[in-house]
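The values are calculated or read from the model by the stated rules, or taken from the named source; none is laboratory data. Keep in mind it's a predicted model, so treat the numbers as computed, not measured. Don't worry about glycine lacking a Cβ; one is built from the backbone with ideal geometry, like all the others, and counts go over all protein chains shown. Please note that ligands, DNA and RNA were not included when accessible areas were found on the heavy atoms of the full protein model with its side chains. Shrake-Rupley method; radii C 1.70, N 1.55, O 1.52, S 1.80 Å.
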Amino acid sequence: MKVTVKANANIALTKYWGKKDAALKTPWNSSTSVTLDGLETTTTVEFDKKYKKDEFVLDGKEFGPETDEFKEVKEQLDIIRGKAKIKDNAKVVSNNNFPTAAGFASSASGLAALTFAASKAAGLNLSTKELSIISRMGSGSASRSLIDGFAIWHRGSAKDGSDSFAEQIAPKEHWPEFRILGCVISKNAKKIKSRAGMAQSVKTSPIFEQWYTNAEKDAQAMVKLIKEKKFEELGKLAQSNCILMHACAMTTQPPVIYWAPGTLEVMHKVLEMQDEGMKCYFTMDGGPQVKIICLASDVPKIKAALKEIEYVHEVIECKPGLGPRVVKENLF
Ligand code: DP6
């Protein structure tokens, strides 16, 4: 069967940075996120005997078996084949509508779309929890892209990783005026992948323990703030959590510095707007892009302020988004 799925990226409101178990991909701390409407991966998967080997095409480019991208996809397909007890090879074609690997979490939407599409194409009917666990095996943050609206990825404590999955805190309708403004600072792929960066942080950052202990508390506090729609407190918490994550990355050997001059420029602008009483807050993941957390009513003012910054090539406005869904139009 051929199945096509669309899945959205997500932005962590409180972050994940560090695996406790590298094989199971379980994190040191829980993390929270909002799924982003409009930042989308579309993936078609077909298992069939006619394919002599697995094939993977991303954004029009074929990735051969020697590439990391292919290996990631194959690992996911192997998990699904194991569960469905099938041996057929698969063709996977995937498109992102946003810059790949530049800090817009394309791995999250990509792995979530792949896992969902492959499971359906293999004839499985898995629960969101099971899909979240399998997506986590592909990429930690992908576990959260399975969720409509606001999510928490529980760090879990089971030895087999069976309680480390994402769950909904609230659906997107809970907070329709919630906005993320994605500022595109650079469209180039980042130099240090999150996976490699965080693995070094676990080993070498002198503040790693402080980071994850704090981040666990932040995640639990964030759940409450989302449920109660306490915007100002939420923004401040997201911002401070992001700074501590980056402090942990920067104090890694060798240093993991994702901020570019434009990143700092936007951060300062946001802080300036905060001083003027605006309710907007910044957060960044493993790349130079800045995501501004705000409410719909303040979007025009913030966009006008961002126009003054040369480094900002584009501003992508996102509402809370849907979880993965099957669509009719196949990519091949
Ligand atoms: C900074 O989920 O991309 O975006 O599990 O190794 O694939 P892997 O890492 P990934 O890391 C995301 C890190 C982050 C913070 C976050 O999304 O929580």
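The table that follows gives values for the structure above.
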{"item": "Qualifying residue in segment 72-89 (condition: within 16 Å of the ligand (Cβ to nearest atom), farther than 14 Å from T115 by Cβ and open to solvent by less than 30 Å² (accessible area, probe 1.4 Å))", "result": "no"}
{"item": "Selected residue (only one of T213, T115 is among the β-branched types (V, I, T) and open to solvent by 10 Å² or more (accessible area, probe 1.4 Å))", "result": "T213"}
{"item": "Residue among K25, K6 that is away from the ligand (no atom under 16 Å from the Cβ) and either touching a residue at least 40 places away in the same chain (Cβ under 8 Å) or more than 20 Å from T213 (Cβ to Cβ) (or both)", "result": "K6"}
{"item": "Meets criteria (in a loop (DSSP other than H, G, I, E, B) and open to solvent by 20 Å² or more (accessible area, probe 1.4 Å)) for K49", "result": "yes"}
{"item": "Answer residue from segment 1-11, given it is among the aliphatic types (A, V, I, L, M) and part of a strand (DSSP E or B) and is surrounded by the fewest Cβ atoms within 10 Å (Cβ to Cβ) among those", "result": "V3"}
{"item": "Per-region count, segment 25-39, residues under 15 Å from W153 (Cβ atoms) and open to solvent by less than 40 Å² (accessible area, probe 1.4 Å)", "result": "10"}
{"item": "Per-region count, segment 282-310, residues within 16 Å of the ligand (Cβ to nearest atom) and open to solvent by 10 Å² or more (accessible area, probe 1.4 Å)", "result": "2"}
{"item": "Filter result for the condition that a residue is within 15 Å of the ligand (Cβ to nearest atom), touching a strand residue (DSSP E or B) at 6+ places or on another chain (Cβ under 8 Å) and open to solvent by less than 50 Å² (accessible area, probe 1.4 Å), over T42, T14", "result": "T14"}
{"item": "Filter result for S139 (closer than 30 Å to L295 by Cβ and either charged (D, E, K, R) or in contact with a strand residue (DSSP E or B) (Cβ under 6 Å, 6 or more places away or on another chain) (or both))", "result": "no"}
{"item": "Checklist (1) surrounded by fewer than 21 Cβ atoms within 10 Å (Cβ to Cβ); (2) within 24 Å of A108 (Cβ to Cβ); (3) of a type in the set (S, T, N, Q) applied to Q274, failing item", "result": "(2)"}
{"item": "Only one of I226, I185, I192, I180 that is hydrophobic (A, V, I, L, M, F, W, C), open to solvent by 50 Å² or more (accessible area, probe 1.4 Å) and in contact (Cβ under 8 Å) with a residue 12 or more places away in the chain", "result": "I192"}
{"item": "Every pair of residues 6+ apart whose Cβ atoms lie under 7 Å, when the first sits in segment 248-262 and is within 25 Å of H313 (Cβ to Cβ) while the second is among the hydroxyl-bearing types (S, T, Y) and open to solvent by 60 Å² or more (accessible area, probe 1.4 Å)", "result": "P261/Y311; G262/Y311"}
